[in-house]
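The values are calculated or read from the model by the stated rules, or taken from the named source; none is laboratory data. All values reported here derive from a predicted model rather than from experimental measurement. Cβ placement follows ideal geometry from the backbone for every residue including glycine, while neighbour counts extend to all protein chains displayed. Surface areas here come from the heavy atoms of the whole protein model, side chains and all, with no ligands, DNA or RNA. Shrake-Rupley method; radii C 1.70, N 1.55, O 1.52, S 1.80 Å.
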Amino acid sequence: MLNVPDGIAKLSPPKPMTDDGGTPALRIRGLSKSFGGFMALEGIDLDIEQGEFVCFLGPSGCGKTTLLRAIAGLDPQNRGTIHQGGRDISRLPVTRRDFGIVFQSYALFPNLTVERNVAYGLHGARLSREQRKARVGELLAMVGLESQAAKYPAQLSGGQQQRVALARALAPSPGLLLLDEPLSALDAQVRLHLRDQLRRLQRCLGVTTIMVTHDQDEALATADQIVVMNQGVIEQVGTPEEVFERPASPFVAGFLGDMNFIPAVAASRNSVSVGTTQLDVADMKDVSPGDEVKLCIRPADIVVEGPSGGPPTGLEAVVETISFRGNFYRLSVNCHRIGQGLDVEITRGAWERLAIDAGSVVIIGMPASKLIAFNVA
Amino acid sequence: MVDQAPAVSIHGPKVRIAFSGEDVLLRLCLIALALFLLIGLLLPIYTLLSKGLQDANGNFVGLLNFVTYFSEPRASVVFWNSLRISVLSTVLTLAIAGLYAFALTHSRMPGRVFFRAVALVPLLTPSLLPGIALIYLFGNQGFFRGALFGHSLYGPVGIVIGEVFFTFPIALLIVQTSLLTIDRRLYEAATALRAGRLRTFFTVTLPAMRFGLGAASFATFTKVFTDFGVPVVVGGSYPVLATDLYQKVIGGFDFQMGAVVGILLFIPAAVAFVAGHLLQRGRSASVDGRAVVYVPAKSQARDLACLLFCSVVALAILSILVMAVLGSLFKLWPYNLSLSFSSYNFAEYEPSGWGAYRNSLRLSGMVALFGTALVFFGAYLLERVPGASWLRQAIGFCCMIPLALPGMVLGLSYIFFFNSPSNPFGGIYGTIAILVLSTVVHLYTVPHLTALTALKQLDPGLEAVGSSLKVSRFATFGRVVVPVCLPTILRIASYLFMNSMTTISALVFLYSANTKVATVSVVLLNDNAMLGPAAAMSVLIVATSATVVGLQWLLMHGLLRRTQAWRGRES
């Protein structure tokens, strides 16, 4: 599988970091793209730093692939600029941009061997036959496919094909690596394995990388920065922890992981009234007292205790259904004071300790630090 | 770190990607293709249409020519003759081809591969051949003339039999395709719902065939309506539009009326073209590419009936072919039936002798060579090069027109267009170049669609990856696209060669003394009552077509075996 020999860093050195981050690897300003009357991208502004692994994450049709293709020059934007390492590439044709790309389908050349696929982009470079051969050998070693060099793509497994595509894209040492859902066509097991290998390889080579994905787990596990997109605009940019813990919009809150949404009304700058009770909320976004808000809390962040235990601010709730999910239990509970059902996750330990059945009464607590309120208007 | 920088106005200038040299070259290729279609197709058609609306001096007279044409009492007779022949032939062909296709796909009769191969034999023959064979069989001195119960072969009887033979494989292929795409699960569902065999046929099989039958009847109808080869041989004194057109233009030099008849010939084909387009649109949504292939259950009665039926049809097809071969070998039919090759001594019968056959080979070779290159690269430009979308759409539409354009109409329009003294391309008139050009244009659509289908199956990212690796599109085209599509390219070349060998319609207006081709020679020999040599020349054409198809098959197999490692499973 992927292994990175010591020599590899010497041959494909990470591009030198520009002095103080003044010139990012990629700077996008005011980028828009429409297909007919449909706005696929609208006013995109984004900076990507050298050596970062960035994921464009969003549901299908959100514009993430369109953005990637605009960066590659495959589907040029209608408006806006793209600078790569300080150079304006907005109007450059594909062949004069500096990137390697891996598609979901890999787009391997079916009539060329693995070796010649990888060497495809090395013919323009001023390399001798031996140098080219050495470079191909080293790339194949890097992705662990030396023994497959003479085979054709159709003779390889999906995961192997993916690694050939990766080696081919990296062969000319591009300044930017673009990955368009590179793992989506693979089986779950292979996908998990390859995504870690991909991450390790990227770290080692230091090549700035953008990966488009609709899989939030993939994005959370691999990215330095996640760009969450929806309906042609960027909803939030941040580290995986930031977008997960502090979503900037109800869309982001709902898209990454499970989330309970509870309609409420702001009571003060740091509390809301919901149903017949009041809750303290640490994170109130642009909310003034009296506003209608959407209150969010993740199922795993809700604290559950037995009828006697409970925190002082706890609310009584009745367990309606229980489903076993392997490492945890998912309960759906009905809380009268809040006036709606909630999803709750508890560990197996808590499950054993509390001995809950359908119909049991429990006390639930919603810590202020885990609650977020979004202005509905 | 990633930051969302302050928003910049989105009302900046519209971005235009700079052209690279490669883009300019590709754009020029696209324009060249557009010019080719303009000169080879659109302008000639335009000239023909405008000629139909002009008097002999070039003054616009509206529909006056049509009024004049139909006021001749003979004219409407010709028109109705054509219509009657076409309807009758279509009904018969459809009935036979429909049953035959059903037997091939929905029975387990033995010899299905053989029956399928025999059914395709007429594709190798010029449409002149069935007529000639029919004369030997049922003509005034034919072996089985009694079988017609006193009716004369020359006229509607001969034309209809010949046309059914000629159009049978076309209808069969279309209907068979529609039968093959029926999902087995539909039959299983019908059985599970306790539908009987008859009910299943009417609720599953027939509805699925409907589109195929519709398309096949359009194709058959237009083929018969515009065919020249069968009526010119066995039409006798029964005029149809195609032979009438030939006589008006070649016999009477009446170009105005020729243009009128040409336009009349074009009408049903144009209607079929539009109707087919509309039908196709409704159809595409209901087709599932992953249908499970139907495997018929055992049924002895059905299989026996199918076997009997197919045997009779196959026998009829083979006897026409065998009769033509025998006819070419008789020393002096019907007086001396000993066999000899004297009919192949063409120089004794025709001034051009074997030259006509050599011209046909030259023509077919050139059409296969230039046509394949043009069609495949043209389809590549349309399918896989981004940009200039309106131009590509317009060209894509023009590429479909030849399907609706009868060969005779194309040939006639070439006379009008290229024979005009003011045409700078007039120099090609009378040379083999105009034959090549007209044949490439005439045959353009089918190989174009074949090429498009193959190109659509390539991964859409191939060129993008190539470009990202700084390899030009032309290099990727040569190193990847062409090798991968080689079987398709071979198929296109063989299609073009074979059809150039057998075609007559456009060429009959365009040949000159030096460029007479084999099919024209057959017409002339037959006109001069030299049936033996006409049969011999036809047989030569069939033999050549068959050789090319065999060669293509061998090459294909060799190629597929050699490239099996990377092609995986592919037929």
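Taking segment A:30-45 as the range and being within 7 Å of chain B (Cβ to nearest Cβ) and open to solvent by less than 20 Å² (accessible area, probe 1.4 Å) as the test, the residues that pass are A:30, A:32, A:45. Applying the set (1) under 16 Å from residue A:299 (Cα atoms); (2) at pLDDT below 90 to residue A:376 leaves exactly one unmet item: (1). Within segment B:106-126, the residues that satisfy the criterion of being open to solvent by less than 20 Å² (accessible area, probe 1.4 Å) and in contact with a Lys or Arg (Cβ under 9 Å, 6 or more places away or on another chain) are B:106, B:107, B:109. Of the residues that make up segment B:63-85, is at least one in contact (Cβ under 8 Å) with a residue 12 or more places away in the chain, under 30 Å from residue B:305 (Cα atoms) and not polar (S, T, N, Q)? Yes. Please name all residue pairs, on different chains or six or more residues apart, with Cβ atoms under 8 Å, provided the first residue is in segment B:398-416 and is closer than 10 Å to residue B:273 by Cα and the second residue is small (Gly, Ala, Ser). If the second residue must be small (Gly, Ala, Ser), the pairs left are B:404/B:269; B:404/B:270; B:404/B:272; B:405/B:269. Checked against (1) over 24 Å from residue B:125 (Cα atoms); (2) modelled with pLDDT of 95 or more, residue B:544 passes all but condition (1). Scanning segment A:75-88 for residues that are at the interface with another protein chain (Cβ under 7 Å from one of its Cβ atoms), open to solvent by less than 30 Å² (accessible area, probe 1.4 Å) and either within 17 Å of residue B:471 (Cβ to Cβ) or part of a strand (DSSP E or B) (or both) yields one hit, A:80. All of B:543, B:535 fail the test of being more than 23 Å from residue B:373 (Cα to Cα), out of contact with any helix residue (DSSP H, G or I) (no Cβ under 8 Å at 6 or more places or on another chain) and either part of a helix (DSSP H, G or I) or open to solvent by 10 Å² or more (accessible area, probe 1.4 Å) (or both), apart from B:543.
Yes or no, residue by residue, for (1) more than 30 Å from residue B:187 (Cα to Cα); (2) in contact with a His (Cβ under 6 Å, 6 or more places away or on another chain); (3) of a type in the set (A, V, I, L, M, F, W, C); (4) not in a helix (DSSP H, G or I):
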{"residue": "B:295", "(1), (2), (3), (4)": "no, no, yes, yes"}
{"residue": "B:298", "(1), (2), (3), (4)": "no, no, no, yes"}
{"residue": "B:302", "(1), (2), (3), (4)": "no, no, no, no"}
{"residue": "B:310", "(1), (2), (3), (4)": "no, no, yes, no"}
{"residue": "B:318", "(1), (2), (3), (4)": "yes, no, yes, no"}
{"residue": "B:334", "(1), (2), (3), (4)": "yes, no, no, yes"}
{"residue": "B:343", "(1), (2), (3), (4)": "yes, no, no, no"}
{"residue": "B:347", "(1), (2), (3), (4)": "yes, no, yes, no"}
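When residue A:59 is tested against (1) more than 9 Å from every other protein chain (Cβ to nearest Cβ); (2) out of contact with any Phe, Trp or Tyr (no Cβ under 9 Å at 6 or more places or on another chain); (3) surrounded by fewer than 23 Cβ atoms within 10 Å (Cβ to Cβ), exactly one condition is not met: (2).
Number of residues in segment A:224-260 that are assigned to a strand (DSSP E or B) and in contact with a strand residue (DSSP E or B) (Cβ under 8 Å, 6 or more places away or on another chain) equals 12.
Checked against (1) under 23 Å from the mean Cα position of the chain (by Cα); (2) at pLDDT below 95; (3) surrounded by 22 or more Cβ atoms within 10 Å (Cβ to Cβ), residue B:502 passes all but condition (2).
Just one of the listed residues (A:156, A:178, A:166) is closer than 17 Å to residue A:107 by Cβ and without any contact (Cβ under 8 Å) to a residue 60 or more places away in the chain, namely A:156.
Scan B:431, B:453 and give me the residue that is away from every other protein chain (no Cβ under 11 Å) and either basic (Lys, Arg) or under 19 Å from residue B:368 (Cβ atoms) (or both).
Numbers: B:453 fails: either basic (Lys, Arg) or under 19 Å from residue B:368 (Cβ atoms) (or both).
B:431 is the lone residue from the list that is away from every other protein chain (no Cβ under 11 Å) and either basic (Lys, Arg) or under 19 Å from residue B:368 (Cβ atoms) (or both).
Within the bounds of segment B:64-81, is there any residue that is charged (D, E, K, R), at pLDDT 90 or above and assigned to a helix (DSSP H, G or I)? No, segment B:64-81 contains no residue that is charged (D, E, K, R), at pLDDT 90 or above and assigned to a helix (DSSP H, G or I). The number of residues in segment B:378-419 that are among the polar types (S, T, N, Q), farther than 27 Å from residue A:74 by Cα and part of a helix (DSSP H, G or I) comes to 1.
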